[in-house]
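S.K.: The structure that follows is given in the form of C-alpha cells.
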Amino acid sequence: MLNGFKNPGRIALIGGSSEIGMAIVTQLPENKSRQVILVDRIGEYALDVTDKAGRERVVARLFDEGDVDLVVIAVGLLGNNTELSMADNLVAAMEVNYVGTVHLLELIAERMKKQAHGQILAISSFAQVRPRPDNFRYGSTKAGLDFYARGLALALDGTGVSLKILRPGFVRSKMTAGMDNAPFAITVQECGSYGVRALTSRRLVTWAPSLLKYVAFVFKSLPPMIFRKISSR
Amino acid sequence: MSTTSSSEFSGWGKNFQSRSERVALSSIDELQGLLTKAGRGRGFLPIGLHRSYGDSALNSGGTLIDLSALNTISIDASTGVAVVGAGVTITQLERAALMHSLFPPVVPGTGFVTMGGAIAADIHGKSHHRTGTFSACVRRIKLLLASGAIADYTPEDAEFWATVGGLGLTGAVLEVELQLKSVKSNSADVTERRVKNLAEMIDVLGGADADFEHTVAWIDLSGDYRGRGVVSLGNYGATSVKSKDSNSAGPKLPSIAGKNFITPLSVRAFNEIWFRKPLKNGPVALGKYMHPLDGINEWNNIYGRDGFLQYQFVIDIGKEEIFERLFAGLRSLKAASFLGVLKKFGEQSQAPMSFPRRGWTLTLDYSTKVPGLEKFLQEFDEELVAAGGRIYLIKDSRVSPSLIPAMYPELNKWREIRRTMDPTGLWQSDQARRLHLC
C-alpha cells in the first residue's frame, strides 16, 4: 500500500539492471518498510522480456505475492548491435520496446485494477517525437509504446491506478556509451530524479530534461524542408 | 434494500484515497446474504463514519459495509443498561442516555464515532485513568462472523477481546450492550489551568488523577516547543446547563481550493491566541466539553488536498525524556502542530490489540508536506519501540510493519483467535495489508 505520505511500499523494477530504472527507484523518498523487487534476465524473478509466457508468469507471481504499489518498466533496446543486420536489430527492438513492454503494461494494469490502487511508470523517449534518419527505427518502437501508454492512462481513469510516462532525451549511460552526446544530454541520476518527479506530477508526461517539452514542440512544428535539413546533419 | 456505489474514500486525515465499493445495508439478513453469496474478491470491511485518520477503514478493490442502518437505542433506565445498534454514534447515545440521567462512561474527543468503530478501535477518552477504554463498559457484543453466523460474545470470551481493538478484522459488530453511568446533570464542572512548560503540565496532569474524572491537556508544540499549554480537568456536574440539541456538528469548514492553511506561522498565531484564551471555570455542557472538535464540521479540510496525519503514541511513566527528543526534532523540522494533546492513561484492557496502557499519551497533527517529517517519524518510531512505547493504529498510515510485533507483543495471540473466527480471511483492510496484521 502507499503510506500516508503517498510513498510506495512494494515496488517492482522491470529491467532490474537498467541504470535509469535503478536511478529512479533509489531516488524515491526513503521508506524503511520498502521492498524493491528486481525483475531481470537472471535472478529470482528472471524474465526474458521477449517471452510471452514468461511475462505472464512473472506478473502473476508479483501480484499473487502481495499488492504492488509501483511498477517501473525500464526495459529497452536501442537496436544498434553491430553483429546483427539492420532488419534483425529492428525486430529485436520491436520485441522488447513495443511487444514486450506493451504486453507487460497490459498485464500489470489488469492486476492493478483488481487491487484498485497502484502506479505504473513507463519510459518512452524523445526519439518518438518525429522520425529522424538516424533513429527512426528505435523511435518507431517507442512511438508505439508511447501511443499505447497514453491510451492506457486514459482507460485507467477512475480505477484508482495511475500511469505516468517519462520521456528522456539523450542520457549518458551504458546504453549510449560510445555515442556522441546529443544536445540537452543528462546523466542517469538526473534522469532518475525526473522519473521520481513524474510519479508525483499531475501531468501524464514528464520530459527529462523539462526543456525538451519545448524542443519537441519546435521539432514537430518545423516545416518538412527545414526539418530534413537539420536532421540530416 | 441495499445500495451499492463505487467511489474513492479517505480516512479522516484525507492524506490518500482508496477506491472501493460501499454497500449500505438495511438489514442483518441482507448482510448475511451478501457474505455468503458474493465472490470473495478483496474482502469486506465494516465501516462507520470514517473518523479513523489513516487506512484502518479503507479496503481498496474490496467492499465496505455501511451499517448505519443499525441505529436503534434501547435503554433500561432502572439498570442503566443500553442495547445499541452498531451504526449509532456516541453523540446519539449520549443524548438518549441523558434523558434518563445516564451517560456513557467512556467517550472520545469526537462524538461522530459509531458503536462499531468504538469497539474496533477500543476508543478512550479523558476518563481513561479512571474508567479504562470503551470495552470496560461493554457487557456483550453481537458479531456477524465471516461464515454468516451471528454470535454473542461477552468479556468471558477470547473472541470478545479479539474484536475489541481488532480494527474490524474479526467480524461486523451488529449490536453492543453497555453499562451507562448515572449522572446528576448534563454538565461537567470544568477547571482549566495554564502551564508554562511540559514539566509543569506533567506535574499538574499527574497530580489531578485522584480528584478528577476527566483530565487532558492541550499542548502548544510550536514556537519554542517547551510544551506550554492548558490543562483541563473535569467532573460530572450537578447543575444542568442549556445545550444545543442537534445531531449535526457546527458550521462546516469548506475546502478552499485544496489549500493547506497550516503553516508554522499560522499555527504559532493560533496557539498564541489559544494559550491566552480565558480559562473555563464552572459548568460546561457535557457534549461540548467531551467533543471540542465537533464545533466545526469537517475541520480536516484545513490541511488542504494533501491532507494530514495524526501521530499518537503512549510511553511508560518514567520515560518522559523521550518527549524532549521528540520536541527537539520537530523544532528542527519547523513542524508545528495546532492539535497537541497530552493525557495520562490508566490500566490496559485485556484486548491484545487495544492501544491504551499505563503511561503518557501524546497526540499530534501534521501536514504530510512538512519536509523531512516522514524520515524523522520513522526514526522516532524506533526510539519509541526501544523505550517500550507504541503508536495507535487507528490513527496510523505510515508506520513500518516490522515494528508492529514489538509495539503489540500479543499480536500473534490475536492473530490466532482471529484465524479461528475468519479462517479464509474475508475481513480485510488497507491497513491490515500494509502492516501484515492478519
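S.K.: Kindly list, by first and then second residue, each pair from a residue in the stretch A:61-82 that is closer than 14 Å to A:M175 by Cα to a residue that is polar (S, T, N, Q), limited to pairs with Cβ atoms under 7 Å and residues at least 6 apart or on different chains.
M.R.: From residues that are closer than 14 Å to A:M175 by Cα, the pairs are A:A74/A:S18; A:V75/A:S18; A:V75/A:T101; A:G76/A:N97; A:L77/A:N97; A:G79/A:N89; A:N80/A:N89; A:N81/A:N89.
S.K.: Taking interchain pairs and intrachain pairs at least six residues apart, which have beta carbon atoms under 7 angstrom, with the first residue in the stretch A:202-221 and touching a residue at least 12 places away in the same chain (Cβ under 8 Å) and more than 14 Å from A:P131 (Cα to Cα) and the second of a type in the set (A, V, I, L, M) and not in a loop (DSSP other than H, G, I, E, B)?
M.R.: Sorted first by the residue in the stretch A:202-221, then by its partner, the pairs are A:L204/A:A153; A:L204/A:I165; A:V205/A:I165; A:T206/A:L166; A:T206/A:A198; A:A208/A:L166; A:A208/A:I186; A:P209/A:I186.
S.K.: Then there is this: Scan (1) buried (at least 17 other Cβ atoms within 10 Å of the Cβ); (2) over 22 Å from A:A198 (Cβ atoms); (3) among the charged types (D, E, K, R) for the single condition A:E83 breaks and write down its number.
M.R.: Condition not satisfied by A:E83: (1).
S.K.: A follow-up question, please. If A:G16 passes every condition in (1) free of Cβ contacts under 8 Å to residues at least 24 places away in the same chain; (2) more than 14 Å from every other protein chain (Cβ to nearest Cβ); (3) part of a loop (DSSP other than H, G, I, E, B) but one, which one does it miss?
M.R.: Only one criterion in (1) free of Cβ contacts under 8 Å to residues at least 24 places away in the same chain; (2) more than 14 Å from every other protein chain (Cβ to nearest Cβ); (3) part of a loop (DSSP other than H, G, I, E, B) is unmet by A:G16, namely (1).
S.K.: I'd like to verify a number: residues in the stretch B:22-61 that are within 14 Å of chain A (Cβ to nearest Cβ), under 29 Å from B:G109 (Cα atoms) and open to solvent by 20 Å² or more (accessible area, probe 1.4 Å), how many?
M.R.: Here the count works out to 2.
S.K.: What are the residues in the stretch B:277-316 that are part of a loop (DSSP other than H, G, I, E, B) and buried (at least 21 other Cβ atoms within 10 Å of the Cβ), if any?
M.R.: B:H291, B:G307 - these are the residues of the stretch B:277-316 that are part of a loop (DSSP other than H, G, I, E, B) and buried (at least 21 other Cβ atoms within 10 Å of the Cβ).
S.K.: For the stretch A:156-186: of the residues being more than 17 Å from A:S231 (Cα to Cα) and without any contact (Cβ under 8 Å) to a residue 12 or more places away in the chain, which is nearest to the other protein chains (Cβ to nearest Cβ)?
M.R.: A:G158
S.K.: Identify, from the list B:S354, B:S402, B:S349, B:S397, the residue that is in contact with a helix residue (DSSP H, G or I) (Cβ under 9 Å, 6 or more places away or on another chain), within 12 Å of chain A (Cβ to nearest Cβ) and either assigned to a helix (DSSP H, G or I) or polar (S, T, N, Q) (or both).
M.R.: Within the list B:S354, B:S402, B:S349, B:S397, the selection yields B:S397.
S.K.: Within the bounds of the stretch B:118-141, is there any residue that is at pLDDT below 95, over 22 Å from B:S26 (Cβ atoms), within 17 Å of the chain's Cα centre (by Cα) and open to solvent by 30 Å² or more (accessible area, probe 1.4 Å)?
M.R.: Checking the stretch B:118-141: not a single residue is at pLDDT below 95, over 22 Å from B:S26 (Cβ atoms), within 17 Å of the chain's Cα centre (by Cα) and open to solvent by 30 Å² or more (accessible area, probe 1.4 Å).
S.K.: If you don't mind, there's one more thing I want to ask. Only one of (1) within 14 Å of chain A (Cβ to nearest Cβ); (2) part of a loop (DSSP other than H, G, I, E, B); (3) open to solvent by 10 Å² or more (accessible area, probe 1.4 Å) fails for B:G388. Which number is that?
M.R.: It is condition (1) that B:G388 fails.
S.K.: Continuing with the same structure: Can you go through B:F103, B:F16 and tell me which one is open to solvent by less than 20 Å² (accessible area, probe 1.4 Å) and within 14 Å of chain A (Cβ to nearest Cβ)?
M.R.: B:F16 is the lone residue from the list that is open to solvent by less than 20 Å² (accessible area, probe 1.4 Å) and within 14 Å of chain A (Cβ to nearest Cβ).
S.K.: Okay, moving on. What are the pairs, 6+ residues apart or on separate chains, where a residue within the stretch B:338-366 that is within 17 Å of B:D122 (Cα to Cα) has its Cβ under 6 Å from a residue that is polar (S, T, N, Q) and open to solvent by 10 Å² or more (accessible area, probe 1.4 Å)?
M.R.: B:R357/B:Q348
S.K.: Sticking with this one: Among (1) away from chain A (no Cβ under 14 Å); (2) under 30 Å from A:D69 (Cβ atoms); (3) open to solvent by less than 30 Å² (accessible area, probe 1.4 Å); (4) not polar (S, T, N, Q), which single condition is B:L64 missing?
M.R.: All conditions pass for B:L64, except number (1).
S.K.: Output the residues belonging to the stretch A:79-132 that are away from every other protein chain (no Cβ under 14 Å) and of a type in the set (D, E, K, R).
M.R.: Hits for the stretch A:79-132 are A:E83, A:D88, A:E95, A:E106, A:R130, A:R132.
The values are calculated or read from the model by the stated rules, or taken from the named source; none is laboratory data. Computed from a prediction, not measured in an experiment: that's the story for all the values here. Glycine gets a Cβ as well: all are built from the backbone with ideal geometry, and neighbour counts include every protein chain shown. Note: accessible area is taken over every heavy atom of the protein model, side chains too, but ligands, DNA and RNA are not part of it. Shrake-Rupley method; radii C 1.70, N 1.55, O 1.52, S 1.80 Å.
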